[in-house]
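Undergrad: Here you go, one structure.
Laboratory data are not the source of any read-out in this text; all were calculated from the coordinates shown. Nothing here was measured: the structure is a model prediction, and the numbers come from that model. Please note: Cβ atoms are built from the backbone with ideal geometry, for glycine as well, and neighbour counts cover all protein chains shown.
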Amino acid sequence: MIDRDELLHVARLARLALDEDELQTTAAELSSILDHVATIDELDLEGIEPTAHIGDVEDSLRADQVARSLPREVALAPAPAIRDDGFLVPSPQGE
Amino acid sequence: MADDIQALSAAAAAAAIADGGLARAELFEHYRARAAADELNAFTWVAEDEPTVINGPLGGVPLAVKDLFCTEGIPSQAGSKILERYCPPYTATAVANLAAAGAPLLGKTNQDEFAMGSSNENSAYGPVLNPWDRSRVPGGSSGGSAAAVAAGLAPWALGTDTGGSIRQPASLCGIVGLKPTYGAVSRYGMIAFASSLDSAGPLTRDVTDAALFYRNLVGRDSADATSVAFPGPIDLPTSERLDGITLAVPTALVDGEGIEAGVRESFEASLETARELGATIVGCEIPSAPYALSAYYVIAPAEASSNLARFDGVRYGLRTEASTLDAMYTQTRHDGFGAEVKRRILIGTYALSSGYYDAYYGRAQRVRTVVSRELAEIFTKADFIATPTSPTVAFRLGERTADPLAMYLSDLFTIPMSLAGTPAISIPSGLSEGLPVGLQICGPAFSENRILDAAHALERAIGFDGAAARSGGV
């Protein structure tokens, strides 16, 4: 069971603001999903290695050479706010 | 003439263009007009003019592309409000490969937000309707792609599959959907959901179209370090028999609860057809299958919570103005993401957080190892695993939205293959109460040629007719 404080902590980690009604419904939904997930505990997984990636891809290295990439103005174009050569964001401390 | 064009498969249309019987521009305009008149909400963007077409093996047959793929200068919104009107500065490799092979972009298709869903009801741009029955879902997350092909609004479509998102909508819409071996298709420019599971593949009217599409889609891409070269060419399927082929059926899973009687009946009839074509049917077990679902609903949200951190109001998409940087992040994400995406970000963040990592993510990754081993063990004794693609036919709009867990259970048969990274196809096996049922055939990694061949033989023998859905849609 995931409680309100725990949910607020996780939402904080995820940089996600939640309304009061979202908090209420989400806590119950997450709990039911996590209960289902907990059925994994029925399995004996002793000595079994985790799989993070399927397949036998080796480290994929290329020569360290400068290649063509998106021009700066093209990369900046979709941004909500830019100034000079960069993305513009509010101050971390506020005004 | 319009009816004649509408009756052509993509491969047949390409052949008609090649021999001069059909003008490329006429084919494009036929589908452009149908896509523009779409009443199913399958499209989120439709081309106004035919783009420059490269002469190639796909013959100028127009292509619908799931909105999860970046297309330069064209809205790529991934079903999310956070990417409303976002026009990327580059095109995904999968789309570029198909364009280079002669498939011009017809339109972008609706989907569950960031590919999270099994019904297409999680789209910020509204649900897609199933062309077989407009009161029902088309499946998801590639619901727009599946509905467009089934309704004859597009000759074929590109989709993505993370836990079943090509196969399940293909099944619910009565078309063919192929989830490739993980890594066979570049993920560059495909907006990431769960990177270790995401695969791009075709949704088509028949198996031959899927093979033609797929042979032009695969390939190692230097822009995607996890992509691999497909070992050898993809052939167009020719098989009409299944002599010497062994199909393994996971008996306990297929006989389990929650499988509709009509789905089971259609599946058993397909097995009988396979026997008549010379196949041997054997039983098998995937004891970890129920746990695979649990593991998937840890691994996919965990990876998603990390991938979706990039949507923060800084570089693209929505921004909600606020007085501090942190408030801008949290409010932007609150306003931009829908309920299911928030749910998965929270589950994923929880599962990866300090104190829970080993209990959830670590154990889920171990289950993934077990699932892969169990499938590999079956493939030492059988050529393929066969199951129904979905435990049910298309369900009614709104029927499962109140219960996220019930929605997740739609993916029971498709998730083991996603975790193992193995290829699987869904082909229509018949109708149950007037709605399509899908048959899933899964093989070991890089067995796509054999899967397509077997699917071709079964498709011919089953003789499914999707014409009823193709007359609607507009």
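Undergrad: Where does the range B:294-405 land on Rg(C-alpha)/(2.2 N^0.38 Å)?
TA: Its radius of gyration relative to the 2.2 N^0.38 Å reference: 1.43.
Undergrad: Order by neighbour count: B:R366, B:R85, fewest other Cβ atoms within 10 Å first, most last.
TA: B:R85, B:R366
Undergrad: Whole number please: convex hull volume per residue, Cα atoms of the range B:151-240, in Å³.
TA: Expressed per residue, the convex hull around the Cα atoms of the range B:151-240 is 107 Å³.
Undergrad: Based on alpha-carbon atoms only, what is the radius of gyration of the protein assembly as shown relative to the globular estimate 2.2 N^0.38 Å?
TA: Normalised Cα radius of gyration, the protein assembly as shown: 0.93.
Undergrad: Where the eigenvalues come from the Cα gyration tensor of the range B:35-174, what are the semi-axes √(5λ) of the equivalent ellipsoid, largest first, in whole Å?
TA: 22, 16, 13
Undergrad: What ³J(HN,Hα) values, in whole Hz, does the Karplus curve 6.51 cos²θ - 1.76 cosθ + 1.60 give for the range A:32-43 when θ = phi - 60°, with x put for Gly and Pro?
TA: 5, 5, 5, 4, 5, 4, 5, 4, 4, 4, 5, 7
Undergrad: Rg(Cα) of the range B:43-117 divided by 2.2 N^0.38 Å?
TA: So the range B:43-117 has a normalised radius of gyration of 1.08.
Undergrad: Another question, if that's okay. Average partner chain C-beta neighbours within 10 Å, per residue of B:337-349?
TA: Per residue, the average neighbour count from other chains is 5.
Undergrad: What percent antiparallel are the DSSP beta bridges of the protein assembly as shown, to the nearest 5?
TA: So the antiparallel bridges in the protein assembly as shown amount to around 70 percent.
Undergrad: Moving on. Which order do B:S141, B:S171, B:S447 fall in if you start with the one that has the fewest other Cβ atoms within 10 Å?
TA: B:S447, B:S171, B:S141
Undergrad: Right, next: Considering only lysines 8 or more places apart in sequence, or on different chains, count the pairs in the protein assembly as shown whose C-alpha atoms sit under 29 Å apart.
TA: Going through the protein assembly as shown pair by pair, I get 11.
Undergrad: Right, next: Could you give the semi-axes, largest first, of the ellipsoid that matches the range B:119-203, computed as the square roots of 5 times the alpha carbon gyration tensor eigenvalues and rounded to whole Å?
TA: Equivalent ellipsoid of the range B:119-203: 21, 13, 10 Å, largest first.
Undergrad: Right, another one. Rounded to two decimal places and with Rh computed the Kirkwood way over Cα pairs, what is Rg over Rh for the range A:48-95?
TA: For the range A:48-95, the value is 1.24.
Undergrad: Within a 10 angstrom radius of each residue's Cβ in B:218-228, how many Cβ atoms of other chains show up on average? Whole number is fine.
TA: 2
Undergrad: So, one more: Convex hull over the alpha-carbon atoms of chain B: what's its volume per residue in Å³?
TA: About 131 Å³ per residue, rounded to a whole number.
Undergrad: Here's something else I'd like to know. Taking other Cβ within 10 Å of each residue's Cβ, how do B:E257, B:E121, A:E29, B:E276 sort, fewest first?
TA: B:E257, B:E276, A:E29, B:E121
Undergrad: When DSSP assigns beta bridges and you keep just the ones with both residues in the range B:1-134, what percent turn out antiparallel, to the nearest 5?
TA: 55 percent
Undergrad: Next up: Within chain B, what percent of beta bridges assigned by DSSP are antiparallel, to the nearest 5?
TA: 70 percent
Undergrad: From the phi of every residue in the range B:205-210, what ³J(HN,Hα) in whole Hz does the Karplus formula 6.51 cos²θ - 1.76 cosθ + 1.60 yield, where θ is phi - 60° and glycine or proline is x?
TA: Going residue by residue, I get 6, 9, 5, 4, 4, 4 Hz, with x marking Gly and Pro.
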